[in-house]
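Taken together, the values in this text are just the output of simple stated rules run on the coordinates, not laboratory data. Predicted model only: the values in this text are computed from it and were never measured. Note: ideal-geometry Cβ built from the backbone for every residue, glycine included; neighbour counts use all protein chains shown.
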Amino acid sequence: MKSMAMIDYPYPANFLTPLPGWPVKEACRPLNRNPSKSQRKNVWLLSHMVSLYYNYTGTTKTICANPEKCEGPYAQLGDPLGWAWQSCTEMVMPQCDSGLPNDFFPKTCPFTIEEFLNDCGKQFNSRGYHPGLIRPNWIIHNYGDHFPSASNIVFSNGKLDPWSGGGWKDSNTREGSLVSIILEQGAHHYDLRGAHKDDTDEVKKVREQEANEIKNWIKQAKEKYSKL
């Protein structure tokens, strides 16, 4: 469901795996339409979500969600365990799930590095992983965390994207030539995808704004250097 939320576009797409338009709504439709107190029926309804993500086309004979046993939907992006290894070594991002009643994912909040190491060990100890490999501050040490001279950047985030929590700002704002744009109905890099006939009006306006920002940067640069 987390990955499905990331690619919750208003039209059919196959960025990670083939899915219908607005896949989260489609996945939740049976639960909303047929609420039940029967655990057996609820498990069946949840299986609909799994099947939608892993076998929307109906052509997959066997559903396998274990990347160590088979190729998953991320296989087209490279080693399915590549991102997991990165996040257990250099790209440490403190994230956790609140659990019930906020969501149905197991409660993992508050985030602790000890528990994170434990989870990484379960996945990678057999491959030589050990606590000495984790560098939780590597990004800051390597790239810094304060850029007072930064300019000409548009930071766009969509509220449908679980990764938006790591964005620069959580509202539309501007600081000099740094611009934050928030899409209410935006999934992962939705504004950077190609134009589609079913695009929302919101993303059309955002793309136009982004293009105008870039045009303005170019105009200002030309004016500045034409005087030299």
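The equivalent ellipsoid of region 153-226 has semi-axes of 24, 16, 8 Å, largest first, where each one is the square root of 5 times an eigenvalue of the Cα gyration tensor. Taking each DSSP H run with n ≥ 4 as -39500 (n - 2.57) and averaging over every residue of the chain yields -11500 deg cm²/dmol at 222 nm.
Residue order for Phe124, Phe155, Phe104, fewest other beta carbons within 10 angstrom first, comes to Phe104, Phe155, Phe124. Compared with the dominant principal axis of the Cα atoms in the chain, helix 23-33 is inclined by about 40°. From least to most packed, judged by other beta carbons within 10 angstrom and beginning with the fewest, Arg127, Arg174, Arg207 follow the order Arg127, Arg174, Arg207. In plain terms, the residue of Trp138, Trp163, Trp22 with the fewest other Cβ atoms within 10 Å comes first and the most crowded comes last, giving Trp138, Trp163, Trp22. Summary value for region 153-226: 29 percent relative contact order, contacts being C-alpha pairs under 8 angstrom separated by 6+ residues. Taking label points 7 Å from Cα along the Cα-to-Cβ direction, Ile214 and Lys37 give a separation of 5.7 nm. Of the Cα atoms belonging to region 103-210, the radius of gyration and Dmax stand at 18.6, 50 Å. Highest mean first, the peptides 88-96, 212-220, 2-10 sorted by other C-beta atoms within 10 Å per residue fall in the order 2-10, 88-96, 212-220. I'd like the distance between the alpha-carbon centres of region 84-157 and region 2-37, rounded to an integer number of Å. Answer, in whole Å: 26.
Relative contact order of the chain, taken over Cα pairs closer than 8 Å and 6 or more residues apart, is 17 percent. The string of couplings for region 211-221 from the Karplus curve (6.51, -1.76, 1.60, θ = phi - 60°) is 5, 5, 4, 5, 4, 5, 4, 5, 4, 5, 5 Hz, one whole number per residue in order, with x for Gly and Pro. Packing here is the average count of other Cβ atoms within 10 Å per residue, and on that basis the peptides 144-151, 107-114, highest first, run 107-114, 144-151.
Summary value for region 81-145: 36 percent relative contact order, contacts being C-alpha pairs under 8 angstrom separated by 6+ residues.
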